[in-house]
Each structure stands twice: as C-alpha cells, then as structure tokens.
Amino acid sequence: MTWVGQWTLHKWCLLASVTTVFLLGLTCLVVSLLTWFAAYPVAPVLLITDSPALVLLTFSSSLLLLASMVGITGTFLNSRPIIAVYVLLLFPSFLSFVSVGYVTYKKAHFSLDAKVSEAWHFWYSPGARTVLQGALGCCGWGGPLHGAAASGTCYTRSPLPGCHGPLVRFERDLLASVAGTVFSLVPIHLANIFVGLLCANHVTHRFGKGITPARYRLTARDIYSTSSGDKHTELLIPPLPAPNAFAAFREDRQNKPIHRHMHGKFESERNGYS
C-alpha cells in the first residue's frame, strides 16, 4: 500500500466524501428493500400509505450508489474527468434525495387528516384496509360501522377502536421523522458536492502522480549515446526556448531549429573547424 504515503490531503478529503455518499446510498437502499419486502412489522403500512415517498427513496439511493462507484473509481485512478462525472451525478442525487423530504414534510404539515381520510374512503381497497386494521389494531375508520373491512378481528360488534386516530398519529410521527432526517443530511450532501467540484477542477496541487516535464524526459538518442560507451559522445541539453509575443510559452515544446543549430555548432567545434 505505497499509495497511502503518496496521497495528498485533498485526495483524502475526496475519499472521505465519496465514502459518505456510498454509506448514505447503501443505508437508504437497505431501508427501501426491507420496506418493499415487508421485513418489519410496520412495513406493510408504509407500502400502502407512503408508496410515492418510498419510490423516491429507492431511486435516490440507487443514484447515490452509482455516483459513489464513479467517485471511487476516479479517486483510485487519479482521473479528474471521472471525478467530474461523479460531481454531475451528485446533482440529480441531491434533487431526488431532497424530494423525499419535501414530499413527506408536505404531507405531514398540510391537511394530513383530510388526506388520510380521503385515501381511506376513496383510494384504499378492502384488502389494503384489512392490512391497515391488522397492523394498527383497529377496525373501520371511525368504528366498526364506518368504512370497515370485514375480517376475523373486525366485525360489527368488534371492541377495537376506529383507525382514524392511530393512522393519523402514525403518519404524523413517521413523516416528521423522515423529513427531519432528510433535511438534516442536506448540508453533508452539499459539502460532498463542494469537495468534488474542488478536486475535479480547482485544486492545483499534485493530485496523485506527477508528470515529468518534457525537458527531463529521456529520448531514444539519449539512451543510445549512453549505452554506446563513446567517451567523446556528449549529451546535448536542448536550450529552453524563450517565450515570444505570438505564441504561448509551453515547456513541453522544443525549438527544433535552435536545437539543430546548436547541435551543428557543437559538432564543428569538436572536429576543429570552428
């Protein structure tokens, strides 16, 4: 693991940021899958009452995992273009993640009672009502004689209370918790976008492996002259070209006419013709 000592502080910050995105996406995806497969007692209630928010959460977690995979790849390959793609994926991930908080907050704080009542009377099927009655331990909307779905525990003279109060309280507590959790994670996601933008475009320090300047690179002529063993062979260092007013100064470009002129001058001095 020689790369541990070669990484800069900026790259460690990027790795920590990508790891945060990965953990967030993985957690959201695990919660979504457990809910879709009804792996805990209140999962059937969520599937019936809050399926739009669950779909958004699943989509957001998939985008977060995809973005984290791209970010980890760009980090280990020292590739700024791949990191730029990672940053681009963070924006739709952020919008979809915030949408989960917006949907849950809006439902919890704007006419929740009326929305739940409308859904019970007009949208929920008898099978969905039966599931809700069994999960919440209630019968009917206001009582056994009001919007009830007949079952082994819900009948005309059932002692169970109506589902109005338990369902509204359940929705209010759950939706407020989800919205608060999502909005509390927004600053972390914005910090991840900021770190990704800096590492993709603005950080000018050496990002992993440096590149040798052109004037210090070995050429085929240098290797041949060194291996031939000729004592009179001199390695010529090309002069650094001076910047002119018509072209930008580039250290990886050599002034070939000057190089040939200097080479001819050294050859003539060596042969005694100067």
TODO: Consider a paramagnetic label point 7 Å from the Cα of Ala16 along Cα→Cβ; state which residues of the stretch 76-117 have an amide N under 19 Å from it.
DONE: 76
- [ ] Rank these for me by crowding, His10, His146, going from fewest to most other beta carbons within 10 Å.
- [x] His146, His10
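Arrange the following residues from fewest to most other Cβ atoms within 10 Å of their Cβ: Tyr86, Tyr124. Can you show the working numbers first?
Working: Tyr86 29, Tyr124 20.
The fewest-first ordering by Cβ neighbours comes to Tyr124, Tyr86.
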Open item on the list: If I take R0 = 25 Å and measure r between the Cβ atoms of Leu88 and Ser184 in this structure, what FRET efficiency does the formula 1/(1 + (r/R0)^6) give, to the nearest 0.05?
Closed with: 0.50
Task: Cα pair distances in the stretch 44-188, grouped into 10 Å bins until the bin that holds the longest one, percent each - done: 11, 32, 23, 16, 11, 5, 1, 0
- [ ] Sorted from largest down, give the three principal axis spans of the alpha carbons of the stretch 1-123, whole angstrom values.
- [x] 64, 27, 18
Task: Normalised contact order of the stretch 3-202, rounded percent, pairs of Cα under 8 Å and 6 or more residues apart - done: 24 percent
Open item on the list: Within 10 Å of each candidate Cβ there may be at most 13 other Cβ atoms; applying that plus a DSSP loop requirement, which chymotrypsin sites (Phe, Trp or Tyr not before Pro) in the stretch 6-62 survive?
Closed with: Phe37
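Read-outs: derived from the displayed coordinates by stated rules, not from any lab. Small disclaimer: the values here were computed from a predicted structure and weren't measured. Neighbour counts are summed over all protein chains in view; Cβ atoms, including those assigned to glycine, are modelled from backbone coordinates with ideal geometry.
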